[in-house]
1. Out of (1) over 20 Å from residue 76 (Cα atoms); (2) not in a loop (DSSP other than H, G, I, E, B), what's the single condition that is false for residue 121?
2. Residues of segment 55-69 being farther than 16 Å from residue 20 by Cα and not in a loop (DSSP other than H, G, I, E, B), which ones?
3. When the residues of segment 77-96 are narrowed to those that are modelled with pLDDT under 90 and small (Gly, Ala, Ser), which ends up farthest from residue 32 (Cα to Cα)?
4. Scan 104, 46, 52 and give me the residue that is in a helix (DSSP H, G or I) and farther than 20 Å from residue 114 by Cα.
5. Any idea which of (1) under 20 Å from residue 119 (Cβ atoms); (2) modelled with pLDDT of 95 or more; (3) loosely packed, with under 15 Cβ neighbours inside 10 Å is the one residue 20 doesn't satisfy?
6. Which condition from (1) in a strand (DSSP E or B); (2) at pLDDT below 90 is the one that residue 72 breaks?
7. Hey, can you tell me all the residues within segment 123-135 that are within 13 Å of residue 163 (Cβ to Cβ) and crowded, with 17+ Cβ neighbours inside 10 Å?
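The values are calculated or read from the model by the stated rules, or taken from the named source; none is laboratory data. Please read all numbers here as calculations on a predicted model, not as lab measurements. Glycine gets a Cβ as well: all are built from the backbone with ideal geometry, and neighbour counts include every protein chain shown.
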Amino acid sequence: MSSVALHPVRIRIAEPADAEALTRLINAAFQVERFFIEGDRIDAEAVRKLMAAGQFLVGQDVAQDDDGMCACVYIEGRGDRAYLGLLSVDPSRQRSGLGSRLVAAAEEHAGASGIHYVDLRIVNLRQELPEFYRRLGYVVTGTSPFPLEVTTKQRCHFINMSKALISP
């Protein structure tokens with residue numbers, strides 16, 4: 001648990017007006033990947049495209065006067081499966097349990113939509129991530145190549161993980 005004092009967080013579905021704030025949050029959270037990739041993780045146009053295909057769940061600090069956005073996760077239904085990605089927690093709030101809370105909210109949201117499985121991909125160079133997702137019930141299902149159009153400083157690939165959702 002983080003030593004940072006935490007305010008209550010409300011989880012809501014992002015709206016189109018949130019695209020710029022989501023972009024800033026995601027890019028701040030993904031600064032940790034600068035050791036193997038250059039530049040920002042995403043731009044506002046890509047966020048808007050994702051919003052058209054799926055939804056972002058947003059953790060909003062209820063004590064903040066501004067947008068108060070401190071975390072987000074993307075979830076997209078694909079038949080009886082969902083893709084989960086872009087789990088992002090403001091660097092000052094990381095290791096506070098907020099990421100786990102957002103994943104659980106995304107799984108609940110997906111399950112309420114009749115989805116039975118949640119899939120995700122993580123970059124193999126992020127060595128802390130497989131264990132984080134294992135603790136949340138995800139299992140490794142294979143690997144896939146990293147996009148060729150993305151220039152990286154190190155060779156990398158995706159680790160694919162999945163979790164079966166328990167039916168109510």
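1. Looking at each condition in turn, residue 121 falls short on (1).
2. In the first step, residues of segment 55-69 are kept if they are farther than 16 Å from residue 20 by Cα; the result is 61-65.
Selection gives 61 alone.
3. 96
4. Criteria check complete, one pass: 46.
5. Just one mismatch for residue 20, condition (1).
6. Condition not satisfied by residue 72: (2).
7. Answer for segment 123-135, where residues must be within 13 Å of residue 163 (Cβ to Cβ) and crowded, with 17+ Cβ neighbours inside 10 Å: just 133.
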